[in-house]
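Okay, so here's the structure we're looking at.
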């Protein structure tokens, strides 16, 4: 069994973290398995309780492990991947992976909006937009909070009932015959507030992933501005680089 060494220049907690990660990668601990409690890790690797706790918490913060009050620490399911070069709706992404999704509608409004969003959607100052806020879930678990802005004049008969557990992209295609061209997207880490943390069932002020983007129709017209907060412990993205 590998161990940690005080002769190694790497910090003890980091050595222990890497050992645990390696065992998870080698399926010695599988998703849903309970890892040894901190006191056992102390005995197994001859480290202090603080060192063991720090190693475990580092993996919890990375989403590799998760804790349940009074039950222990468990190995997380692998994060869902998304190739950011594929223009697909959230529902379509998850269904391709065999995952069941559902949606909780938070709000549906026709509003004036900020100059920034009007500029992104290329609309006039007096034009209104749909503001749609939804909590998206995967296999019954909160996964992301999505806020979408859509120019009102492009789909003025859109209703909240149309969106009930349906893909917005599917509605765009089937009802309005919209053909998508491309999207611009930025990704950055943010700290969630109290309301967002309650919706996502995560710790307040924890670091999550904020995706902000504009989707364009074939003719080059912006059709949506979206702001989505993804749980970083459940989601990761991949990029394919070509020479």
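Is it true that residue 119 is without any contact (Cβ under 8 Å) to a residue 24 or more places away in the chain and in contact with a strand residue (DSSP E or B) (Cβ under 8 Å, 6 or more places away or on another chain)? No: the conditions fail for residue 119.
Among the residues of segment 132-140, none qualifies, meaning not one is over 27 Å from residue 98 (Cβ atoms), in contact with a helix residue (DSSP H, G or I) (Cβ under 8 Å, 6 or more places away or on another chain), part of a strand (DSSP E or B) and not assigned by TED's automatic domain parsing to the domain that holds residue 66. Scanning segment 4-32 for residues that are surrounded by fewer than 15 Cβ atoms within 10 Å (Cβ to Cβ), within 30 Å of the chain's Cα centre (by Cα) and part of a loop (DSSP other than H, G, I, E, B) turns up 26, 27, 28, 30, 31, 32. With respect to being surrounded by 12 or more Cβ atoms within 10 Å (Cβ to Cβ), modelled with pLDDT of 85 or more and assigned to a helix (DSSP H, G or I), residue 53 fits the description. Go through the residues of segment 161-170 one by one and say whether even a single one is part of a helix (DSSP H, G or I), crowded, with 17+ Cβ neighbours inside 10 Å and modelled with pLDDT of 90 or more. Checking segment 161-170: not a single residue is part of a helix (DSSP H, G or I), crowded, with 17+ Cβ neighbours inside 10 Å and modelled with pLDDT of 90 or more. Within segment 33-43, the residues that satisfy the criterion of being in contact with a helix residue (DSSP H, G or I) (Cβ under 8 Å, 6 or more places away or on another chain) and in a loop (DSSP other than H, G, I, E, B) are 35, 36. Applying a threshold of 6 Å to beta carbon distances and a minimum spacing of six or more residues, or different chains, the list of pairs starting in segment 85-104 at a residue that is surrounded by 11 or more Cβ atoms within 10 Å (Cβ to Cβ) and ending at one that is at pLDDT below 70 reads 93/82.
The values are calculated or read from the model by the stated rules, or taken from the named source; none is laboratory data. Worth saying up front: this structure is predicted, and the values here are computed from it rather than measured. Heads up, the Cβs are rebuilt from the backbone with ideal geometry, glycines too, and the neighbour counts pull from every protein chain shown.
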